[in-house]
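Every number here is computed from the coordinates shown, using simple stated rules; none is lab data. Quick caveat, the model's predicted, so the values are computed rather than measured. Cβ atoms come from the backbone with ideal geometry, glycine included; neighbour counts cover every protein chain shown.
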Amino acid sequence: MIYLRLFFEFFKIGLFTFGGGFAMIPLVKEAVIENGWLTESQFYNFIGVCESTPGPIAINMATYVGSTQGGPFGSIVATLGVVMPSFIIILLIAVVLKNLTNNKHFKAFLRGVKPVVIALILSTGIILLLKAVGFAGITSFRLDIASIIIFTLLVMITFVAKKYFKKKVSSIQLILISAVLGIAVCCIL
C-alpha cells in the first residue's frame, strides 16, 4: 500500500508542477507533511541537503522520502512517480505535438501558468530565508545568529566579487564557501 501511495503522491507532484524543482517544493512539502513522512523541520533541513547534492531537487526528495518510507523499492517507486509525468508529456510533445509552440492556445496556457510558477518559486525562497534566520511560525521566532552571519558573509563575498573583481561567484563556489563558513561559524559560536 505504501508503494502505491508514494507513487501516486509523487506522480501528482510531477504532473501538476510547472517551472522546475523550486516550484515543486510547496507541493512536496504538503504531501510529505500531510502523509507524516517528514516533519516540517526535517523537510526544511532536507531541502538544504537536496540543494547540495547532484541532481534535480524533486528527484532527490522523492528518492529520499521513498527510501525512508519503503526502502530501496520505495525510493524507486517515488522517483518513477515524480519523473513519469514529465517523461510522458515530453514524449507526447516530441511525437504528437511537433508544432505545439506555435499554437495560440498553448501560448495562452503558458502565459497563464507563468505567474503561478514565479509566485511558487518566490514564496519558497522567502519561506526558506525566514526559516534560515529562525522564523518557525507566526508566534514563534528564534533568531539563528549563525545563519544570519553566514548569509551576510555570502552576500558580502558575492558583492565584492562582482564589484571589485568583476566576476560572478558560481553556485558551486557558493555552496562550498557556505559549507566552510557554516563549519567555521559553528565552531566559533
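Report Rg(Cα)/(2.2 N^0.38 Å) for the range 27-97, keeping two decimals.
Values: Rg = 13.6 Å, N = 71, 2.2 N^0.38 = 11.1 Å.
That ratio works out to 1.22.
What per residue convex hull volume, in Å³, comes out for the range 40-144 when only alpha-carbon positions are used?
About 135 Å³ per residue, rounded to a whole number.
Over the Cα atoms of the range 108-189, what is the Rg over Rh ratio if Rh follows Kirkwood?
Working: Rg = 16.5 Å, Rh = 15.0 Å.
Over the Cα atoms of the range 108-189, Rg/Rh equals 1.10.
Taking each pair of distinct Cα atoms in the chain once, what is the resulting Kirkwood hydrodynamic radius in Å? Intermediate results must be reported in sequence, preceding the final value.
Numbers: mean 1/r = 0.0531 Å⁻¹.
It works out to 18.8 Å.
Let me know the charge dipole size of the range 1-117 about its Cα centre in debye, to the nearest 20, where only the beta-carbon of Lys, Arg (+1) and Asp, Glu (-1) is charged.
Values: 8 positive and 5 negative charges, 133 e Å.
In debye, rounded to 20, the range 1-117 gives about 640.
Let me see the pair-distance distribution of the range 116-164: every alpha carbon pair, 10 Å bin width, integer percents in order.
Going out from 0 Å in 10 Å bins, the range 116-164 shows 24, 36, 32, 7, 0 percent.
Add +1 for every Lys or Arg and -1 for every Asp or Glu among the other residues with Cβ under 13 Å from the Cβ of residue 33, and state the total. Write down the numbers at each step before the final one.
Working: positive: 29; negative: 9, 30, 34, 40.
So the surrounding residues net to -3.
Which is the longest run of the chain containing none of the trypsin sites (Lys or Arg not before Pro) found in DSSP loop states (not H, G, I, E, B) with at most 13 other C-beta atoms within 10 Å?
Details: sites that count: 98, 142, 166, 167, 168.
Looking at the chain, 1-97 is the longest stretch - no exposed trypsin sites (Lys or Arg not before Pro) with at most 13 other Cβ atoms within 10 Å.
For the chain, what is the mean residue ellipticity at 222 nm derived from helices alone (per DSSP H run of n ≥ 4: -39500 (n - 2.57); sum divided by total residues; nearest 500 deg cm²/dmol)? The partial results should precede the final answer.
On the way: 7 runs with 148 residues, N = 189.
Counting only the DSSP helices, I get -27000 deg cm²/dmol.
Report, in listed order, any pair from 12/104; 12/162; 104/167; 114/168; 29/166; 29/107 with a Cα-Cα distance greater than 32 Å. Write out the running numbers ahead of the final one.
Numbers: 12/104 27 Å; 12/162 41 Å; 104/167 41 Å; 114/168 27 Å; 29/166 38 Å; 29/107 29 Å.
Among 12/104; 12/162; 104/167; 114/168; 29/166; 29/107, the Cα-Cα distance tops 32 Å for 12/162; 104/167; 29/166.
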